[in-house]
Amino acid sequence: MSAPLLEVSGLTMRFGGLVAVDTLDLTADRGRITAVIGPNGAGKTTVFNCLTGFYRPTAGRLLLRHPGKGEVELQALPGYAVARYGVVRTFQNIRLFPRMTVLENLLVAQHTELMRKSAFSIAGLLGLKGWRDAQATALDRARFWIERLDLTRVADEEAGNLSYGVQRRVEIARAMNTNPLLLCLDEPAAGLNPRETAALGELLQGIRAEFGIGILLIEHDMSLVMGISDRIHVVDHGKKIAEGTPAEIRADERVIKAYLGEPDEAEVPPEVAQDMPELEGPRA
Amino acid sequence: MARTLPDRLKDAALAAFVALLLAVPFIGLTTINTDVGLRVATRWDWVLWAVAIVFAGRILFGFAADAVSTRRRRTEARGPLVSEAAGRTLGKAFAAAAIAFAVTLPFLPFSDRYVLDLGMTVLIYILLATGLNVTVGLAGLLDLGFVAFYAIGAYTFALLAKFFGFGFWIALPMAGLVAALFGVLLSLPILRLRGDYLAIVTLGFGEITRIVILNWQSLTGGPNGVGGIPRPTLFGLSFDRRPQEGQQSFHEVTGIAFSSEHRMMFLYFIVLLLVLVCAWAVWKLRRLPIGRAWEALREDEIACRSLGINPVLVKVSAYATGGLMGGLAGCFFAARQGFVSPESFTFIESAIILAIVVLGGMGSQIGVVVAAAFIVLLPEFAREFADYRMLLFGAAMILVMVWRPGGLISSREPTLTLAGGKQPAESVVRGVGS
Ligand SMILES: Nc1ncnc2c1ncn2[C@@H]1O[C@H](COP(=O)(O)OP(=O)(O)O)[C@@H](O)[C@H]1O
Ligand SMILES: [Mg+2]
C-alpha cells in the first residue's frame, strides 16, 4: 500500500494546564473511511481544529501528501489555507450561512477558484466570456451535489430555515463543493433519526467509492461507525487507546472501559451504550 | 406581556415623578427680562400639566405597546405580507420607476433650483449609503467613521485643484482611489476587532481624520477650509456665464440661452450618474464571488475560513469598496460646494449615513434609496415645525423601527436561483403558506 494521504504524528494540544490532545498518531487514506471515536471531551474535535488550522498545535506534525503539490505540513499553514490543500471539515454544531440560500452556500465553497477565474472581480464586472464559463461550471458542480444530496426542493431556500437533518446534508454538500481530498466530518449523525443516519452511511460509502477521497469521521453513533468505517481510532483523555478494524475495536477491553468507564466517571450518554449492545456485558 | 393595572399605575407614577424632577428646573422656573435685569419667575401650573400629561401618556403608551406586540406576533404567524417572488417583481418595478423619475426630475414643471438642490443632496446620501452598505450591510462590518472617506474624497479634489490645478474629472477617480486606500489602512488595525471595540475604533478613525484636517493648517487651511474648487466641465465646456481664459462655455457653443439653472442640472446629472454606476457595481459585485464572500463573512467568519476564504482579504476589500464610494461622493460634494471645510465632516454625518443603511434594511439597495429620501426630505417637509423638526424626525425614525425592526426592506434577494431567475412554483406556494 502507498503512503497514507494524511499522517498525524505526535499531535499535542494544550490549553493552559489541560492537555486536550496528547501525542496522538493518526493516519487517513484515500478511498477509506477512518473513524475517530471516544467519550465526550476526549479531544476529538480538538484534533479536527488542529488539522483544519483553527488551532495551532502545541507540538506535532500534520503531513498531507497532496498529489499535485507534494508533501505539505498543515500545521505551518495559515488557518484558511488548509482548505485550499483539500482538507475540509464540517462542524459539530452546524455552521452554514443561514441567510443565504443552499445554492449560494455551495457557491461560496467554490470561492477560491471562482475568485481567480473572475480575475478578482474584474472579468466578472465586465462579464467576460471566461468568467461566464467558469460560473456555469461552478453552477453545474453545485447542481450535481444538490441532486446527489437530495436538496433540489430546497435549493433556493435560505439555509437557516431548513430542518436540522437537511442542514447537515447542506453542510456536507458545501464541503464537497470545495473538491476536497480529505473530508473531515464532526459528528454528522448527531440529531439525525435512524433512517436519516442510515442514508448518511450510504452516502458516505458512495462518496468514498465514487470519488476516492479520504473521509475522517468523528461519530458517536456506533451503528454508523461500525457499519462503514475501514479503520477506527479510539481516543480517551486526548490519548489514543486503541486502533483497528471495527471487529477488533468491538472486542477491545480498553475501549469498553473507556466508554463505560469506572462507575464514578461514566461520561458516556446512555444512547451510546445502547448502540453498543455487545459492550453491555462487562459492566456488571 | 400584558401587565396588570396596578403595575401600570406604579410605572406611570414613576414616570411622572421623573417628569416632575425634570420639569421643576426646566419648565417651572423661567427668566423674565425687566428694566432692572433678569428676574426668575415660577410657573407651577405648567409643571402640574407636564406631570399629568406624562402620567396619562405613559399609561396609554403601555397599552399601545401591548397592542402592537400582540399584532406583530399574529402577523409573524401568518408569514410575510408579500411572497418573495412578488416582492422581487415589485422591487424591479420600483427600481425602474425611481430611475425614470430621477432622470426626468430636472425637466418636470415643478422643478426649480430648490428641488434640484434637494435632489442632489438625496443623491449624495444615496451614494454614501450605497458605499457604507457594502461594509455594514453586506460584509457585516460596523463602521461609525464613514464620514472620513467622504472627507478624504472631498479634500483630495480640493487639494489637487489648489496645488496642481486638476479638474473634476481627473480628480474623481483619484479621490475614489485615495479613499479606498484609506479604507485598506483602516481595515488593517481592526481585523481582529468585533462589536464595541470595532465601533470605538471606527468612530475614532472618523474623528481623527477630521481633527487632522482641522489642524494641518499648512496643507488643508485648517478651519478656514479650501476654496476656489473648480466647477466640473462637460467635455471641456464650462457652465459659467463668462468662462475662464481659454475655456469655452456651454451656452456659447450650443447656442442655448445662458441660464444658471443649467449648471445645477449638469451637477445633478453627474451625481445621478455616479449613483447609477455605483448601484450597478454593487448589484454586480453581489453576484460575483467577492460579494458572496462579503455576505458569507457577515453570516459566519469561521465557516468562511473552513472553506479556504481568507477573511483578511474579504474585510479589506469590503472597507476599500465602501471607502471608494465615499470618496467619489466627497469629490462631488467638493465640486458642488466649490469650498470644503472640516465642519462638513462631523460625526453626525456618519450617524446619518449609518441610519440610512439601517433604516433601509441592511444590504438592500432599494432600501437605501427609500431611506435616504426619507431621512433627507422629512426634515425639509417638517420645516414649518421649526424647532420641533428634529423631534418629529426622531419620532418618525422610532416609529419606523418599531413597525419594521429589520428595516424597510428586510427580505434578502438571493444572488441567483437554481431555477435560473424563475422561482419554482412550489416554493412560492410555500413562501405564502408557511
Ligand atoms: N479553546 C479551548 N480552550 C480551552 N479548552 C478547550 C478548548 N477547546 C477544547 N477544550 C477542552 O479540550 C477537551 C477536549 O474537547 P473536545 O475536543 O471538544 O472533545 P470532543 O470533541 O472529543 O468531545 C475538553 O476538556 C475541552 O473543554
Ligand atoms: Mg466534539
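The values are calculated or read from the model by the stated rules, or taken from the named source; none is laboratory data. Computed from a predicted structure; not experimentally measured. Don't worry about glycine lacking a Cβ; one is built from the backbone with ideal geometry, like all the others, and counts go over all protein chains shown.
Would you confirm whether any residue within segment B:312-320 is of a type in the set (Phe, Trp, Tyr) and within 24 Å of A:Leu126 (Cβ to Cβ)?
In the first step, residues of segment B:312-320 are kept if they are of a type in the set (Phe, Trp, Tyr); the result is B:319.
Okay, now just the ones that are also within 24 Å of A:Leu126 (Cβ to Cβ), so B:319.
Among the residues of segment B:312-320, at least one is of a type in the set (Phe, Trp, Tyr) and within 24 Å of A:Leu126 (Cβ to Cβ), which makes the answer yes.
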Item to check | Residue count for segment A:1-21, restricted to those that are within 15 Å of ligand 1 (Cβ to nearest atom) and either among the charged types (D, E, K, R) or within 14 Å of another protein chain (Cβ to nearest Cβ) (or both) | outcome: 1
Checklist entry - How many of the residues making up segment A:162-184 are within 12 Å of chain B (Cβ to nearest Cβ) and either hydroxyl-bearing (Ser, Thr, Tyr) or without any contact (Cβ under 8 Å) to a residue 12 or more places away in the chain (or both)? => result 1
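Among B:Ile229, B:Ile213, which is the only one that is among the β-branched types (Val, Ile, Thr) and outside any helix (DSSP H, G or I)?
Details: B:Ile213 fails: outside any helix (DSSP H, G or I).
B:Ile229 is the lone residue from the list that is among the β-branched types (Val, Ile, Thr) and outside any helix (DSSP H, G or I).
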Item to check | Check on B:Val376, touching a residue at least 60 places away in the same chain (Cβ under 8 Å) and within 11 Å of chain A (Cβ to nearest Cβ) | outcome: no
Checklist outcome for this item: When every residue in segment A:214-245 that is within 12 Å of ligand 1 (Cβ to nearest atom) and hydrophobic (A, V, I, L, M, F, W, C) is compared, the one nearest to A:His66 (Cα to Cα) is A:Ile218
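Does A:Thr12 meet the test of being at pLDDT 90 or above, over 19 Å from A:Leu181 (Cβ atoms) and surrounded by 21 or more Cβ atoms within 10 Å (Cβ to Cβ)? Please lay out each step first, then the result.
Details: at pLDDT 90 or above: yes; over 19 Å from A:Leu181 (Cβ atoms): yes; surrounded by 21 or more Cβ atoms within 10 Å (Cβ to Cβ): no.
So A:Thr12 fails the test.
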Checklist entry - Which residues, taken from segment B:103-141, are hydroxyl-bearing (Ser, Thr, Tyr) and not in a helix (DSSP H, G or I)? => result B:Ser111
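Being within 16 Å of ligand 2 (Cβ to nearest atom) and among the basic types (Lys, Arg) narrows it down to one of A:Arg231, A:Arg168, so name that one.
Values: A:Arg231 fails: within 16 Å of ligand 2 (Cβ to nearest atom).
The conditions single out A:Arg168.
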Checklist entry - Which condition does A:Arg14 not pass, out of (1) within 24 Å of A:Asp230 (Cα to Cα); (2) of a type in the set (Lys, Arg); (3) more than 16 Å from ligand 2 (Cβ to nearest atom), if it passes all the others? => result (1)
Checklist entry - Just checking, which of A:Leu103, A:Leu62, A:Leu114 is among the hydrophobic types (A, V, I, L, M, F, W, C), more than 14 Å from chain B (Cβ to nearest Cβ) and surrounded by 19 or more Cβ atoms within 10 Å (Cβ to Cβ)? => result A:Leu62
Checklist entry - Is at least one residue of segment A:167-186 modelled with pLDDT under 90, farther than 21 Å from A:Leu114 by Cα and more than 14 Å from the chain's Cα centre (by Cα)? => result no
Checklist entry - Considering segment A:91-100 alone, what residues qualify as being within 16 Å of ligand 2 (Cβ to nearest atom) and at the interface with chain B (Cβ under 8 Å from one of its Cβ atoms)? => result A:Phe91, A:Arg95
Item to check | Criterion: among the β-branched types (Val, Ile, Thr), surrounded by 15 or more Cβ atoms within 10 Å (Cβ to Cβ), within 24 Å of B:Ile398 (Cβ to Cβ) and without any contact (Cβ under 8 Å) to a residue 60 or more places away in the chain - qualifying residue of B:Val54, B:Val24 | outcome: B:Val54
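Within segment A:38-68, count every residue that is away from ligand 2 (no atom under 15 Å from the Cβ) and in contact (Cβ under 8 Å) with a residue 60 or more places away in the chain.
Step one: filter segment A:38-68 for residues away from ligand 2 (no atom under 15 Å from the Cβ), giving A:53, A:56-68.
Still in the list and also in contact (Cβ under 8 Å) with a residue 60 or more places away in the chain: A:64-67.
Residues that pass the stated criteria total 4.
Looking at the structure I just gave you, is A:Leu24 away from ligand 1 (no atom under 16 Å from the Cβ) and surrounded by 17 or more Cβ atoms within 10 Å (Cβ to Cβ)?
Values: away from ligand 1 (no atom under 16 Å from the Cβ): no; surrounded by 17 or more Cβ atoms within 10 Å (Cβ to Cβ): yes.
In short, no.
Working carefully through the options A:Ala35, A:Ala81, find the one that is within 16 Å of ligand 2 (Cβ to nearest atom) and either of a type in the set (Gly, Ala, Ser) or in contact with a Cys (Cβ under 6 Å, 6 or more places away or on another chain) (or both).
On the way: A:Ala81 fails: within 16 Å of ligand 2 (Cβ to nearest atom).
Sole residue among the options that is within 16 Å of ligand 2 (Cβ to nearest atom) and either of a type in the set (Gly, Ala, Ser) or in contact with a Cys (Cβ under 6 Å, 6 or more places away or on another chain) (or both): A:Ala35.
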Checklist entry - Would you say A:Ser9 is among the hydroxyl-bearing types (Ser, Thr, Tyr), without any contact (Cβ under 8 Å) to a residue 12 or more places away in the chain and away from ligand 2 (no atom under 15 Å from the Cβ)? => result no
Item to check | In segment A:117-155, the residues that are facing chain B (nearest Cβ under 10 Å), crowded, with 17+ Cβ neighbours inside 10 Å and of a type in the set (D, E, K, R) | outcome: A:Lys117
Item to check | Among (1) out of contact with any His (no Cβ under 7 Å at 6 or more places or on another chain); (2) more than 16 Å from ligand 2 (Cβ to nearest atom), the one test that A:Gly86 misses | outcome: (1)
Next on the checklist: Out of the helices (runs of 4 or more DSSP H) lying entirely within segment B:245-359, which hold 2 or more residues that are in contact with a Gly (Cβ under 6 Å, 6 or more places away or on another chain) and either away from chain A (no Cβ under 14 Å) or surrounded by fewer than 18 Cβ atoms within 10 Å (Cβ to Cβ) (or both)?
Outcome noted: B:311-337
